Amino acid sequence: MIALLSLVLGALSFQEPASERLPFSVLYAGNPGTPYSAAWEKFLGEHATKVKFVGGSGLKREDLAGFDLLVIDGEVTVRGEQLSLKSEKVKLVLDDLQGFPVVLMGGQGGFVSDDLHLKTSWHAG
């Protein structure tokens, strides 16, 4: 899994001409209507064959059909030492994600890691 993530991120960071796209499709689950998510959607759209954006809180297992990679991302709001998401948490459980390549990014990725007690978690690792 780490090797796949390194390969994907390395390929995405390589500056290719805009007309060339990597041969995979990405489902991006993030914060709807934010400049942050729009920038990622634009970037991925320039480098992957197919990209679809869904709000993270509405993500369902069925949404993964037809995609090669799921990117879970989202912004956090900080108030003192309290972190909260700008939108609701992803409601998928580990069984929903088994056998599917997933990249966890941003605050939403941290919350998913915590909720699923993954090694990459802010608290459980």
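The values are calculated or read from the model by the stated rules, or taken from the named source; none is laboratory data. All figures in this text were calculated on a predicted structure; none of them were measured in a lab. Cβ atoms come from the backbone with ideal geometry, glycine included; neighbour counts cover every protein chain shown.
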Enumeration of residues in segment 97-125 that are in contact with a Leu (Cβ under 8 Å, 6 or more places away or on another chain), closer than 19 Å to Ser57 by Cβ and modelled with pLDDT under 90
Leu97, Gly107, Gln108, Gly110, Phe111, Val112, Ser113, Leu116
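Out of the residues in segment 56-81 meeting the condition of being surrounded by 14 or more Cβ atoms within 10 Å (Cβ to Cβ) and modelled with pLDDT under 90, tell me which one is farthest from Gln108 (Cα to Cα).
Checked segment 56-81; the qualifying residue farthest from Gln108 (Cα to Cα) is Ser57.
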What pairs come out if I take residues in segment 34-53 that are under 20 Å from Glu20 (Cβ atoms) and pair them with residues that are of a type in the set (A, V, I, L, M, F, W, C) and assigned to a helix (DSSP H, G or I) whose C-beta lies under 6 Å away, six or more apart or interchain?
His47/Leu12; Val51/Leu44
So which residues in segment 1-46 are out of contact with any strand residue (DSSP E or B) (no Cβ under 7 Å at 6 or more places or on another chain), among the charged types (D, E, K, R), surrounded by 12 or more Cβ atoms within 10 Å (Cβ to Cβ) and modelled with pLDDT of 85 or more, if there are any at all?
Glu46
Every pair of residues 6+ apart whose Cβ atoms lie under 8 Å, when the first sits in segment 91-106 and is farther than 21 Å from Trp40 by Cα while the second is in a loop (DSSP other than H, G, I, E, B) and at pLDDT 90 or above
Lys91/Leu59; Leu92/Leu59; Leu92/Lys60
Looking only at residues that are assigned to a loop (DSSP other than H, G, I, E, B) and of a type in the set (S, T, N, Q) in segment 23-70, which one is nearest to Lys89 (Cα to Cα)?
Asn31
Mind checking which residues of segment 71-99 are outside any helix (DSSP H, G or I), among the acidic types (Asp, Glu) and over 15 Å from the mean Cα position of the chain (by Cα)?
Glu81
